[in-house]
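The values are calculated or read from the model by the stated rules, or taken from the named source; none is laboratory data. Everything numeric here is computed off the predicted structure, so don't read it as measured data. Note that we place each Cβ from the backbone using ideal geometry, even for glycine, and neighbour counts take in every protein chain shown. Just the protein is used for accessible areas: all its heavy atoms, side chains included, with ligands, DNA and RNA removed. Shrake-Rupley method; radii C 1.70, N 1.55, O 1.52, S 1.80 Å.
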Amino acid sequence: VRFPEDLEDDNTTFNAEYSHQVFGDDEVTFGYKGLKILLYYIAGNLSTLFRIEYTSKVNEKFDCVEADDVESKIREIIPPGFCTNMDDFVSLLEKEVNFKPFGMLLHSYSVHNEEAGEDITYQIYKADMTCPGFREYHERLQTFLMWFIETASFIDVDDERWNYFLVFEKYNKDGATLFATVGYMTVYNYYVYPDKTRPRVSQMLILPPFQGEGHGAQLLETVHRYYMSSPTVLDITAEDPSENYVKLRDFVLVKLCQDLFCFSPGKLMQGFSQEMVMEAQQKLKINKQHTRRVYEILRLRATDMSDAEQSRSYRLDIKRRLIGPYKKKQQELAKMRRCLRPEELTNQLNQIDLNMQHEQLEESFQQLVSDYRRVLERLAQA
């Protein structure tokens, strides 16, 4: 909510993707007809209005059953101090002009908005719990995780090894410049013996109204650039990354690596090398596993797939990596031949169908190439 009229505007509303963490695996609540759970957030400081509406509710006295206590379930995840009255919320909205982003400005960028017909400015900040008011703001911000990240959990903010990176949109209201929350990322700094750290991305969320505009890529690249400048950082990883995060990371890391000397077309065609691992790790804090994916994507760009020899060479190079788990199965099979009785061996052989393995390998290769092409298409448009 930026303006009072937003409260009545369905275009500013977005729905939860998940509710199982609040209402159970079935995502069902009992005892109401026409139930609406309404959560309004002021765009900048995220002051909250919480209301429940319904057309009817079962009555314990007459229906002999009790409706679920929806309010207490929501109260478990939203911090105290929220509004329940529309007038109180609107009065808080008038004070929004005083809200300013927390922490240190790292990066500014613009995105052209077709609807508004103008460029809109966004800023990325790094904050921590020493920033006045940030702890309370973060408590409100993290509630979005429960509705938009499938396996979300709240973090221990008293642990000083957490870093917080925030994206804000600048907008004008009655001649004043205000800020709206766009999204954020939390990063935990793990200790690596003897004197390094390994920042690990834990949570990343761009709010639904801003998705598809490139803010995730801007945020991830800004975070990488922030840690790249630190001599104590070994490399940057992610905790249990989603499929969408992996695609985003592929794009950002390829964008960062494409100008490195060791990723020049001539070097790429010679195959994956230790030189690539060293340069990506030392200059960009990228680990070996991610560097290998970058190499495969950039080699695809440098490969003429209509040339039979180049195509075959690329295919063999990728499949040599993909075949690792299958080779492990073959080694297990060799052990079985030595150790198992004939009838036990037959049973195990039935589970290891070589033809099926070849089909799975080809399927994995085709899926990978398809994913890599999408990265290269986005890169060409960047």
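If you go through segment 237-251 one residue at a time, how many are farther than 22 Å from A382 by Cβ and open to solvent by 30 Å² or more (accessible area, probe 1.4 Å)? Let's see the steps before the verdict.
Within segment 237-251, the first condition is being farther than 22 Å from A382 by Cβ, and the residues that meet it are 237, 239-240.
So of that shortlist, the ones also open to solvent by 30 Å² or more (accessible area, probe 1.4 Å) come out as 239-240.
The number of residues fulfilling the criteria is 2.
For the structure I just gave you, tell me whether N11 is open to solvent by 80 Å² or more (accessible area, probe 1.4 Å), assigned to a helix (DSSP H, G or I), under 30 Å from F99 (Cβ atoms) and of a type outside the set (K, R).
Yes.
Filter segment 19-30 down to the residues that are at negative phi and open to solvent by less than 60 Å² (accessible area, probe 1.4 Å) and list them by number.
Across segment 19-30, the qualifying residues are S19, H20, V22, F23, T29.
Restricting to segment 197-236, name every residue that is open to solvent by less than 20 Å² (accessible area, probe 1.4 Å), within 17 Å of F251 (Cα to Cα) and among the polar types (S, T, N, Q).
T222
Among the numbered conditions (1) part of a strand (DSSP E or B); (2) in the same structural domain as I42 (by the TED database), tell me where L92 comes up short.
(1)
What are the pairs with Cβ atoms under 6 angstrom where one residue, in segment 91-114, is touching a residue at least 40 places away in the same chain (Cβ under 8 Å) and the other, located anywhere, is part of a helix (DSSP H, G or I) and open to solvent by less than 60 Å² (accessible area, probe 1.4 Å)? Sequence gap at least six, or different chains.
These pairs meet every condition: F102/F134; L106/T222; H107/T222; Y109/Q218.
For segment 141-162, what are the residues that are surrounded by 13 or more Cβ atoms within 10 Å (Cβ to Cβ) and β-branched (V, I, T)?
T143, I149, I155, V157
With Y190, Y171 as the choices, which residue is farther than 19 Å from L106 by Cβ, of a type in the set (S, T, Y), touching a residue at least 60 places away in the same chain (Cβ under 8 Å) and open to solvent by 10 Å² or more (accessible area, probe 1.4 Å)? Steps first, please.
On the way: Y190 fails: touching a residue at least 60 places away in the same chain (Cβ under 8 Å).
Testing whether each residue is farther than 19 Å from L106 by Cβ, of a type in the set (S, T, Y), touching a residue at least 60 places away in the same chain (Cβ under 8 Å) and open to solvent by 10 Å² or more (accessible area, probe 1.4 Å) leaves just Y171.
Please tell me if F62 is modelled with pLDDT under 95 and among the aromatic types (F, W, Y).
Numbers: modelled with pLDDT under 95: yes; among the aromatic types (F, W, Y): yes.
Yes; evaluated as a whole, the condition is true for this residue.
Considering only segment 31-44, I want to know if a residue exists there that is free of Cβ contacts under 8 Å to residues at least 60 places away in the same chain and open to solvent by 80 Å² or more (accessible area, probe 1.4 Å).
Yes - at least one qualifying residue is present in segment 31-44.
Condition check ((1) in a loop (DSSP other than H, G, I, E, B); (2) touching an Asp or Glu at 6+ places or on another chain (Cβ under 7 Å)) across all residues:
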{"residue": "V28", "(1), (2)": "yes, no"}
{"residue": "L39", "(1), (2)": "no, no"}
{"residue": "L49", "(1), (2)": "no, no"}
{"residue": "I52", "(1), (2)": "no, yes"}
{"residue": "I74", "(1), (2)": "no, no"}
{"residue": "P80", "(1), (2)": "yes, no"}
{"residue": "K100", "(1), (2)": "yes, no"}
{"residue": "L106", "(1), (2)": "no, no"}
{"residue": "Y109", "(1), (2)": "no, no"}
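Are any residues in segment 115-141 free of Cβ contacts under 8 Å to residues at least 40 places away in the same chain and either assigned to a helix (DSSP H, G or I) or within 17 Å of F210 (Cβ to Cβ) (or both), and if so, which ones?
E115, A116, E118, D119, F134, R135, H138
Is it the case that segment 109-121 has a residue that's surrounded by 19 or more Cβ atoms within 10 Å (Cβ to Cβ), in contact with a Gly (Cβ under 8 Å, 6 or more places away or on another chain) and aliphatic (A, V, I, L, M)?
Residues of segment 109-121 surrounded by 19 or more Cβ atoms within 10 Å (Cβ to Cβ): none.
No, the conditions are met nowhere in segment 109-121.
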